[in-house]
Amino acid sequence: MSIGHEYLKVVRGRFNQLKDLGDRAVAQLGEQDIHYVPGAESNSIAVIVRHLSGNMISRWTDFFTTDGEKPGRNRDGEFETVSVTKAELQEISEAGWKILFGALDSLEEEELLREILIRGEPHTVIEAMERHLSHVASHIGQIVYIAKMLKGENWETLSIPKGQSEAYRTKTPGQ
């Protein structure tokens with residue numbers, strides 16, 4: 001197995017993990033919760049999801065032949081408060097993830113060092129993926145934090161529950 005093939009597999013796996021984390025956090029929330037805004041300079045989960053989807057669609061549609069910041073993208077509009085249902089928000093989210101995963105699945109390892117443009121700046125495909133992975137991870141972290149804050153003691157943990165690290169370590173092979 002080549003390093004390029006392994007890299008693509010690992011990156012796709014990381015994006016899958018982030019998608020799952022965000023989906024499981026949002027699944028715990030009610031319809032109104034997705035519109036909660038923690039502070040004046042903060043965004044609701046609905047806004048964050050709309051922004052992530054818009055970013056994915058812009059960055060990864062025709063990424064070899066067009067700039068990752070598409071002229072038709074309304075980035076500022078992604079940050080406006082728009083009333084959507086959880087079902088509509090899920091559709092918006094899935095549209096972005098579909099484009100991202102389609103782009104990842106289309107890549108061949110020899111294309112990882114090809115240059116693409118994001119806002120007129122050249123990036124190798126690897127650089128663009130790493131940039132995007134970091135961006136997605138930061139926003140998924142925001143989504144999880146807001147959801148956890150809203151659910152309080154009713155939050156269902158998405159990883160190892162507090163105080164159970166040792167039990168998890170001893171029951172997990174290879175740890």
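The values are calculated or read from the model by the stated rules, or taken from the named source; none is laboratory data. Remember, it's a predicted structure, so these values are computed and weren't measured experimentally. Cβ coordinates were reconstructed from backbone atoms using ideal geometry, including for glycine residues, and neighbour counts include every protein chain displayed. For accessibility, only protein heavy atoms count, side chains too; no ligands or nucleic acids. Shrake-Rupley method; radii C 1.70, N 1.55, O 1.52, S 1.80 Å.
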Task: Tally of Lys pairs whose C-alpha atoms are under 20 Å apart, taken over the chain, 8 or more apart or cross-chain - done: 13
- [ ] For K151 and A40, compute 0.36 nm times the residue count separating them, minus their Cα-Cα distance, and round to one decimal in nm.
- [x] 37.9 nm
Task: Of all accessible heavy-atom area on the chain, the percent that carbon and sulfur account for (1.4 Å) - done: 52
Open item on the list: So I have (1) 1.47; (2) 1.14; (3) 1.00, and one of them is Cα Rg over 2.2 N^0.38 Å calculated from this model. Which one is it?
Closed with: (2)
TODO: For K162, K151, give the ranking by accessible area with the largest first, probe 1.4 Å.
DONE: K162, K151
Task: Accessible surface, the chain, averaged per residue in Å² (probe 1.4 Å) - done: 58
Open item on the list: I want to verify a result. In a Gaussian network model of the chain, Cα cutoff 10 Å, which of these has the top mean-square fluctuation: G30, G141, G120?
Closed with: G120
- [ ] Report the residue, chosen from A103, A25, A40, that carries the largest GNM mean-square fluctuation when the chain is represented by alpha-carbon nodes joined by springs under 10 Å.
- [x] A40
Open item on the list: Report the gain in length on full extension from R114 to M1: 0.36 nm times residue separation, minus Cα-Cα distance, nm rounded to one decimal.
Closed with: 38.6 nm
Task: F79-Q164 FRET efficiency (beta carbon distance; Förster radius 45 Å; 0.05 resolution) - done: 0.75
Task: Theoretical FRET efficiency, 1/(1+(r/R0)^6), r = Cβ-Cβ of E88 and I126, R0 41 Å, to 0.05 - done: 0.75
TODO: Please give, to one decimal in nm, the separation of the simple spin-label points placed at F101 and H135, each 7 Å out from Cα toward the Cβ.
DONE: 2.0
Open item on the list: Per DSSP helix of 4 or more residues, -39500 (n - 2.57); summed, then divided by the residues of the chain. What does that give at 222 nm, rounded to the nearest 500?
Closed with: -19000 deg cm²/dmol
